[in-house]
Amino acid sequence: MAQTVLVVDDAIFMRTMIADILAQAGFEIVGEAENGRQAVELYAKLKPDLVTMDIVMPEVGGIDAVREICAADPEARILMCSAMGQQALVVQAIQAGAKDFIVKPFQPSRVLEAVQRVLS
Amino acid sequence: MDPARYAALFASESRDHLATSTRLLLAWERAPDVPPIDDLFRAFHTIKGMAAAMGYDPVTETAHALETLLDSVREGAAAADAALLQQLFDGVQALGEQIADATGDQRFAALTATVSTASGTIAPVRVARQRLDRLGRLAAELDVATHRLIRYAERSADDGLEERTSVVRRVASAMADEVAGARLTPVADLFARLPLAVRDAAHDLGREARLETAGDAVEADRAVLEALAEPLVHLVRNAVGHGIEAPAVRAAAGKPPEGVVRVSAVRDRGGLVLTVQDDGAGVDRAAVRARAEREGLADAGAVLTDDDALLAMLARPGFTTATATTRTAGRGVGVDAVLVAVRRLRGTVQIESLAGRGTTWRLRVPVGVSSVRALLARVGRVTVAVPFTGVREAVRITGEGDAYTDVRGRRLAVRSLRVLLGEGEGPAMGRRPAVVVVGARGELALVVDALLGQQEILVEAFAAPRGVPAWVEGAAVLADGATALVLAPGALT
């Protein structure tokens with residue numbers, strides 16, 4: 001049975017790219033969210049095996065979303081997607097409960113490695 | 001990772017973020033106390049992320065530099081003053097140009113700021129524009145074809161045939177209406193680029209100017225609006241660059257130092273009317289005449305009093321009275337490009353200029369592109385159709401063979417369509433109907449045998465055989481199955 005993923009990023013472009021990489025590796029994309037608020041709502045509804053989470057988003061950002069999701073589900077498996085030069089924010093995200101991070105631009109191999117780490 | 005697959009997504013999202021950035025910067029300029037730093041940051045940040053994924057390095061670097069600039073404001077290391085704001089404006093311009101280079105789509109260089117309007121809870125569907133064009137064409141053809149089918153059915157004795165074709169007709173007509181409706185776009189999309197154009201022109205030339213718009217909700221076919229996008233920007237820039245005076249000059253003339261450029265859209269029976277009006281000094285007619293005389297053009301003096309003559313002069317390719325070129329004005333490519341674009345849409349352009357008061361440009365175009373409302377007339381054995389947008393009025397004139405006639409106090413040149421179409425002389429008539437049109441150099445009265453009413457027609461342009469004059473645009477199949485010659489009066493002299 002395929003493992004399920006919730007993809008969170010405010011850019012359709014990025015969501016499409018990540019979804020394609022994961023789908024081709026056999027994951028099932030069960031939801032997409034474009035801000036932290038939608039991410040929290042969809043996580044509660046879909047209970048995905050994995051979440052990929054962007055940091056900079058309108059309304060509610062990635063770090064706050066991680067905090068909320070982990071407060072409700074300490075077992076949540078969240079992979080942060082950050083842009084280059086955002087080390088401080090990545091550290092905050094890990095402290096809030098994210099398990100690992102990948103840096104844009106994505107290389108499929110690196111993405112899949114990070115996903116494996118988070119799921120194991 | 002194959003970047004080509006994501007190029008379309010990159011293009012459409014970048015377009016949205018560039019438009020948002022422009023809108024935010026303009027709002028910031030109007031309200032300096034509330035700089036929208038976070039929203040701007042996100043827009044640049046998103047473009048940076050996508051560009052990095054696509055390998056568009058120059059775009060990534062510029063977006064990153066813009067982020068850094070905003071960060072320095074956030075941390076208090078830099079003041080959010082006019083100079084910084086201008087740096088941001090320049091940066092967004094550069095971003096657009098770099099995206100244009102990277103994607104090969106030159107529209108980015110002009111910052112197509114079509115505002116994406118969120119419409120409630122239902123997301124709009126994206127349909128490729130070519131598909132929409134093809135749908136429009138097919139729907140219009142189907143409509144005309146069923147017209148002819150109905151006429152045929154009416155003449156036949158078969159009752160069943162008439163009833164069935166009537167159903168087809170009803171559905172085809174409804175479909176044509178729906179497709180036409182799907183192609184309709186509010187003029188607000190067209191107006192979206194104008195605030196930045198006014199702002200840049202004013203900044204470049206030391207003017208103070210603001211834009212006012214009206215009729216934003218008026219709708220027209222998207223192809224019509226796309227064709228008018230560049231011309232409208234030209235006219236608006238000209239209004240600021242050539243029309244509106246320097247603040248000190250305006251103050252001395254008792255005007256408020258900030259000039260107003262007013263762009264409005266109205267629908268009337270003939271189509272869409274776009275007006276660009278400024279409250280500046282009016283066109284410098286003396287300078288236009290002097291320039292015309294220097295170029296050895298005949299009848300240069302007419303520009304002093306005749307608006308049509310003035311327009312004809314301004315529209316000559318390369319004509320300019322400016323002595324220096326800037327980003328904004330003086331390149332002399334504006335007005336004739338406007339006329340070409342409007343004529344291609346089978347529309348007309350009019351100018352009104354009052355010294356010391358301002359200039360008004362009026363563009364009249366059809367609302368749709370597939371079918372056009374036209375005035376039909378009989379000329380010998382030929383039926384001609386003149387698109388409404390080119391028609392000023394229909395009159396009756398006396399005097400056989402006169403070269404000129406007077407219509408409501410205006411002197412118009414007379415042309416006989418019988419002669420132009422080689423139909424020979426008709427029977428003598430005391431008063432003949434004539435269609436007053438906007439020709440290449442002013443109004444003309446085209447004499448016809450009889451007026452036959454108006455109709456919505458589908459113009460079929462043809463690859464004209466040699467010898468067909470420029471003022472014959474194509475042919476159309478009429479509702480009764482007959483064919484009509486479609487005229488382009490803008491090419492008549």
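Just so it is clear, none of the values below were taken in a lab; they were calculated from the coordinates. What you are looking at is a predicted structure, and each value in this text was computed from that prediction instead of being measured. Methodologically, a virtual Cβ is constructed for each residue, glycine included, from the backbone with ideal geometry; neighbour enumeration extends over all protein chains shown.
With viscosity 1.002 mPa s and temperature 20 °C, the Kirkwood radius over alpha carbon pairs of chain A converts through Stokes-Einstein to a diffusion coefficient of 156 µm²/s.
Working note: Debye formula, equal point scatterers on the alpha-carbon atoms of the protein assembly as shown, no solvent; log10 I(q)/I(0) at q = 0.11, 0.13 Å⁻¹ is -1.11, -1.32. Note on chain A: with a GNM built from Cα contacts shorter than 10 Å, the maximum mean-square fluctuation among A:V40, A:V103, A:V66 falls on A:V103. In loop segments of region B:405-477 as defined by DSSP, the GluC sites (Glu not before Pro) with at most 14 further C-beta atoms inside 10 Å of their C-beta are B:E425. Counting only Cβ charges, +1 for Lys and Arg and -1 for Asp and Glu, the dipole size of region B:131-184 around its Cα centre is about 280 debye. Estimated from helices alone, the mean residue ellipticity of chain B at 222 nm is -14000 deg cm²/dmol (sum of -39500 (n - 2.57) over DSSP H runs with n ≥ 4, per residue). Taking only Cα atoms, what is the 0 to 90° angle, nearest 10, from helix B:159-182's long axis to the longest principal axis of chain B? Compared with the principal axis, the helix lies near 30 degrees. Farthest towards the positive end of the charge dipole of chain A, among the residues A:M17, A:L112, A:S82, is the Cα of A:L112, using unit charges on the Cβ of Lys, Arg, Asp and Glu. Taken over region B:187-366, the alpha-carbon convex hull comes to 111 cubic angstrom per residue.
Shape annotation for region B:358-422: C-alpha extents along the principal axes are 37, 36, 17 Å, from largest to smallest. Computed over chain A, the per-residue total of -39500 (n - 2.57) for DSSP H runs of n ≥ 4 gives a 222 nm mean residue ellipticity of -14500 deg cm²/dmol, rounded to 500.
Give me the base-10 log of I(q)/I(0) for chain B at each q in 0.07, 0.12 Å⁻¹, Debye formula, one uniform scatterer per Cα, rounded to two decimals. Here the Debye-derived log intensity ratios amount to -0.48, -1.18. The value for region B:131-184 of Rg(Cα) / (2.2 N^0.38 Å) is 1.26. When Rg and the Kirkwood Rh are both derived from Cα coordinates, the Rg/Rh ratio for region B:372-491 amounts to 0.94. Rounded to the nearest 10 degrees, the inclination of helix B:334-344 to the longest alpha-carbon principal axis of chain B is 50 degrees. For region B:175-249 versus region B:354-422, the spacing of their alpha-carbon centroids is 28 Å.
Legend: calculated FRET efficiency, B:V468 to B:S166, from the Cβ-Cβ distance at R0 = 41 Å, rounded to 0.05, equals 0.60. Bridgeable aspartates and glutamates around B:K255 (alpha carbons under 16 Å apart, same-chain partners fewer than 8 residues away excluded): B:E208, B:E245, B:D278, B:D279.
Dipole orientation for the protein assembly as shown: of the candidates B:A192, B:A298, B:V338, B:A298 has the Cα lying most toward the positive pole (charges on Cβ; Lys, Arg +1; Asp, Glu -1). Taking Cα atoms, how many degrees apart are the long axis of helix B:194-205 and the longest axis of chain B, rounded to 10 and kept between 0 and 90? For B:194-205 against chain B, the angle is about 70 degrees. Here the extension length gained between B:T68 and B:D177 equals 34.1 nm, from 0.36 nm per residue of separation less the Cα-Cα distance. Placing +1 on each Lys and Arg Cβ and -1 on each Asp and Glu Cβ, with no other charges, gives the protein assembly as shown a dipole about its Cα centre of roughly 1980 debye.
Grouping the Cα pair distances of region B:26-72 into 10 Å bins from zero gives a pair-distance distribution of 29, 45, 21, 5 percent in increasing distance order. Note on chain B: dipole from Cβ charges, positive end direction compared against B:Q86, B:A139, B:P58; the farthest Cα belongs to B:A139. The trypsin sites (Lys or Arg not before Pro) found in region B:353-427 that occupy coil by DSSP, while having at most 12 further C-beta atoms within 10 Å, are B:R381, B:R408. Overall, the ratio between the Cα radius of gyration of region B:3-103 and 2.2 N^0.38 Å, rounded to two decimals, is 1.05.
Rounded to the nearest 20, the Cβ-based charge dipole of region B:372-491 about its Cα centre (Lys and Arg +1, Asp and Glu -1) stands at 300 debye.
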